[in-house]
Amino acid sequence: MNIIVAGTILERDGKILLIKENQNKDKGKWWIPAGGVDDGELIEKAAIRETKEESGFNVKISGILCIYNKVINNINPVIGIMYKAQIIDGELHFDSEEIAEAKWFTFDEIIAIKEELRNPAPILKCIEMLRNGNVLPLDTILKI
């Protein structure tokens, strides 16, 4: 089964929002607001939906930071698309059954907890892209 994951990197006052997983094998690991794309859903819309569900924030997507590919258990391919997003409105809140905690981190703080990240490579790469201003335009992914 192919899996498509969409998420956002939210930056505020020089800090990045991470959420701590509270379920399954990833319990206790930090990650970004992200999740699977539903059937019939555009990837960009999934990123917006998942960010709202996991952070409480309504966001506007403004660019693509990175796309990653991995295989789970040598069977299931995963493609992840991580977007740059700005908070439009809302307040930080989440479902405590799914999310244990949400916190704003500096880049150095994220590096310090690298071993506690659910999937360090894409998070660190996306933040590096954001810090360097390397943001791809949204039309990099064609909607056809």
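Values quoted throughout were computed directly from the atomic coordinates according to the rules given, and no laboratory measurement underlies them. Everything numeric here is computed off the predicted structure, so don't read it as measured data. Cβ coordinates were reconstructed from backbone atoms using ideal geometry, including for glycine residues, and neighbour counts include every protein chain displayed.
Charge tally for E54 (other residues, Cβ to Cβ under 9 Å; Lys, Arg +1; Asp, Glu -1): -3. Taking every DSSP helix (H) stretch of at least 4 residues in the chain, weighting each as -39,500 (n - 2.57) and dividing the sum by the residue count yields a mean residue ellipticity at 222 nm of -6500 deg cm²/dmol. Each Cα pair under 8 Å and six or more residues apart adds its sequence gap; the mean of these over the residue count of the chain is a relative contact order of 31 percent.
Between the listed residues F57, N134, N119, the Cα displaced farthest toward the positive end of the dipole of the chain, a dipole computed from Cβ unit charges relative to the Cα centre, is found at N134.
Taken over the stretch 3-135, lysine pairs spaced eight or more positions apart, or on distinct chains, with alpha carbons under 12 Å apart number 7. Taking other C-beta atoms within 10 Å as the exposure proxy, S62, S96 rank S96, S62 from fewest upward.
Structural size metrics of the chain, computed from C-alpha coordinates, are Rg and Dmax of 14.2, 41 Å. The alpha carbon centroids of the stretch 69-144 and the stretch 23-42 are separated by 10 Å.
Based on alpha-carbon atoms, the Kirkwood radius and the radius of gyration of the stretch 1-78 give Rg/Rh equal to 0.96.
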